[in-house]
1. If you rank D203, D311, D59, D28 by how much accessible surface each has, with a 1.4 Å probe, what is the order from largest down?
2. How large is the accessible surface per residue of the chain, computed with a 1.4 Å probe and reported in Å² as a whole number?
3. How big is the dipole moment of the range 244-366 about its Cα centre under a simple scheme where the beta carbon of each Lys and Arg is +1, that of each Asp and Glu is -1, and everything else is neutral? Debye, nearest 20, please.
4. Projecting each Cα onto the charge dipole of the chain (Lys/Arg +1, Asp/Glu -1 at the beta carbon, about the Cα centre), which of T200, A291, A34 comes out farthest on the positive side?
5. Expressed as a rounded percentage, what relative contact order does the range 197-349 have, with Cα pairs under 8 Å and six or more residues apart?
6. As an exercise, identify the trypsin sites (Lys or Arg not before Pro) in the range 93-139 lying in DSSP coil whose Cβ has no more than 13 other Cβ atoms within 10 Å.
7. If you roll a 1.4 Å probe over the chain with all protein chains in place, what percent of the accessible area is carbon or sulfur?
8. Taking only the alpha carbons of the range 40-155, what extent do you get along each of the three principal axes, in Å, biggest first?
Amino acid sequence: MLVASLYAYAFLSEFILLYPVYALLFTDTGLSVAQVSSLFAIWSLTGLVLEIPSGAWADAVSRRLLLVLGPLLTGLGFALWVAFPSYWAFAVGFVLWGAGETLISGSYEALAYEELERRGQAGRYATVMGRATAASMVATAAAMAVAVPVFAAGGHPAVAVASVLTCLLCSATALTLPEHRVRRVAPSYLAVLREGIAQTRTDRRVTHAVLLVAFVAALWGGLEEYIPYLALETGVPEAAVPLLVLLVTLGITAGGLLAGPAERLPSRAYGLLLGLAALALAAGALSRHVAGFVLIALAFGAFQLAGVLADVRLQQRITGPARATVTSVAGLGTSVVTLGVYGVYGALSPYALNGTTFALLALPYVLIALLTARARQ
């Protein structure tokens, strides 16, 4: 039940029909580009502010409780968008969505690892999380496919109702997750928060793992948003862009599925994986040819694999009751680095082609690869 529920939760959390079309809702409501950008800023700021506090709350109270509440807040935000379409309703909805995401971040990984560990199956964590990320990617692609006919039949209300129902179902799925945390005295919120921050700062192995998770996940995660622009540079018609995006999505999905077999990859091999992926990404992006997307798909698949393995290393190194807090610190780091990727990409966009920018932002992976290859396992 544990593993099946984790997979179902991962799928349902991304099978949101509003995701592909909510920009149309903003446009139909009359929002300007500046207003939409401010909404994205509100969403990001909410995640930055609440990421670590929500992780400490999960450690002090219940990871499963937060996994139940997270989708409910997100669903409430989506309902507000359609019921009261206006800038301020969208802003409140983004706050709720951001808060819901932070409740899930850290809680999901901590519950999964400790429940598997309790069963003597901690060695399955990489396989389970890899397949969960693959389920998320499949859900995203499925939502894009289903949203088109649903939107055509019922417009924004139909898509919103379907999205809210999915959030409710996701929340209900969390109730089926087991949680066994036998403690003589429940730690206070502040005690857990201090423990998590202290462990991140003073335990060098944990610090390195947190930084690895943040940078490996954020660099390709930020670049993924610009894949359509890179596709257009190959000269393909706009109608073919989704096919190239799908190819990259398939690569990412395959990377997640390979996490189990690659769990015990030594540090040098892990560094080599990152280095080769960086070279493949740069070569594919600079080729400005459709065939280059094969290399890009392979690179993104390798980055997804590396991201899951980085999380495995982090979970293996965390000790004590602050697992969700430390994982949330890594999540905060990922968000900060991702914002940095967006900033660099935006700053380079007037002066460089998308392919050139992709190649430049692949360079940090080479440095990470060298540092990782020199590190101890």
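The values are calculated or read from the model by the stated rules, or taken from the named source; none is laboratory data. Computed from a prediction, not measured in an experiment: that's the story for all the values here. Cβ placement follows ideal geometry from the backbone for every residue including glycine, while neighbour counts extend to all protein chains displayed. Ligands, DNA and RNA are stripped out before the accessible areas are found, and what is left, the full protein with its side chains, is counted by its heavy atoms. Shrake-Rupley method; radii C 1.70, N 1.55, O 1.52, S 1.80 Å.
1. On the way: D203 50, D311 20, D59 0, D28 110 Å².
I get D28, D203, D311, D59, largest accessible area first.
2. Values: 16660 Å² over 377 residues.
So the chain comes to 44 Å² accessible per residue, rounded to a whole number.
3. Working: 6 positive and 2 negative charges, 42 e Å.
Here the range 244-366 has a charge dipole of around 200 debye.
4. Checked the options; the winner is T200.
5. Details: 169 pairs, mean separation 62.6, N = 153.
The normalised contact order for the range 197-349 reaches 41 percent.
6. Working: sites: R118, R119, R124, R131; in loops: R119.
Answer by residue number: R119.
7. Numbers: 11650 of 16660 Å².
C and S fraction of accessible area: 70 percent.
8. Principal-axis extents of the range 40-155 (Cα, largest first): 49, 32, 21 Å.
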